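Trainee: Sharing a structure, written as structure tokens. Questions coming.
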Amino acid sequence: EMLGADFPVEECRARMRELYYAEIAKNGIPVKPGLLELVDFLKAKSIGYAVATSTARDITLRKLEITGLTPHFDTIVAGDEVINGKPHPEIFLKAASLLGAAPETVVVIEDSVNGIRAAHAAKMIPIMVPDLIPPDDEIQSLAYAVADSLYECRALISALLRERI
């Protein structure tokens, strides 16, 4: 609105995506250490899992393809498939529904502050693996745990499973 009604928003978005994809094609996308081991663990325990991301579906699928992760994720809920973005819980509730899981049994692994807020609002079990922004006191109080890595998340999930037996 500030730039006027004739500002070419869609052209700018298209150019941004073009530059973004060129950059990731050149440098790749880092995958958090422990991700594949965590996925293997969840599969071995017959625990359903999903990707619930604020990123649009087309970009999400492209990123999964570039990283070679596409075969590992059948259930994906993207930001353009919900009305309300994080910190609203809608995206996590939709993912839980697709998995056939009760929200209070769902562990959400998040790296963002708004993701932790959304998981907590959904009455799920939020675990934060900080990326760029460390958790403050509020986020630490909302999170079930703050983990240093996805390897640690596996141990936390194992402990949760033992608690529920």
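Trainee: Looking at the stretch 12-58 only, could you name the residues that are acidic (Asp, Glu) and modelled with pLDDT under 95?
Mentor: Listed by number, the residues that qualify are 18, 23, 58.
Trainee: Quick one: which of 116, 127, 109, 157 is within 14 Å of the chain's Cα centre (by Cα) and assigned to a helix (DSSP H, G or I)?
Mentor: 116
Trainee: Right, here's the next one. Contact list please: Cβ distance under 6 Å, first residue in the stretch 140-158 and touching a residue at least 60 places away in the same chain (Cβ under 8 Å), second residue in a strand (DSSP E or B) and buried (at least 18 other Cβ atoms within 10 Å of the Cβ), pairs at least six apart or on different chains.
Mentor: Pairs found: 153/109; 153/127; 157/107.
Trainee: Identify, by number, the condition in (1) of a type outside the set (A, V, I, L, M, F, W, C); (2) modelled with pLDDT of 95 or more; (3) in contact with a helix residue (DSSP H, G or I) (Cβ under 8 Å, 6 or more places away or on another chain); (4) buried (at least 17 other Cβ atoms within 10 Å of the Cβ) that residue 115 doesn't meet.
Mentor: Failed condition: (3).
Trainee: When the residues of the stretch 22-36 are narrowed to those that are more than 22 Å from residue 111 (Cα to Cα) and not aliphatic (A, V, I, L, M), which ends up most open to solvent (accessible area, probe 1.4 Å)?
Mentor: Of everything passing the filter in the stretch 22-36, 26 is most open to solvent (accessible area, probe 1.4 Å).
Trainee: Does residue 53 count as surrounded by 10 or more Cβ atoms within 10 Å (Cβ to Cβ) and touching a Pro at 6+ places or on another chain (Cβ under 9 Å)?
Mentor: Here the answer is no, as residue 53 does not meet what is asked.
Trainee: Can you tell me which of (1) in contact (Cβ under 8 Å) with a residue 40 or more places away in the chain; (2) more than 13 Å from the chain's Cα centre (by Cα) is the one residue 72 doesn't meet?
Mentor: It is condition (1) that residue 72 fails.
Trainee: Across the stretch 47-76, what is the number of residues that are in contact with an Asp or Glu (Cβ under 8 Å, 6 or more places away or on another chain) and of a type in the set (Lys, Arg)?
Mentor: The qualifying residues number 1.
The values are calculated or read from the model by the stated rules, or taken from the named source; none is laboratory data. Predicted, not measured: the structure shown is a model, and the values here were computed from it. Heads up, the Cβs are rebuilt from the backbone with ideal geometry, glycines too, and the neighbour counts pull from every protein chain shown. When the accessible area is computed, the model is the full protein with side chains, heavy atoms only, and any ligands, DNA or RNA have been set aside. Shrake-Rupley method; radii C 1.70, N 1.55, O 1.52, S 1.80 Å.
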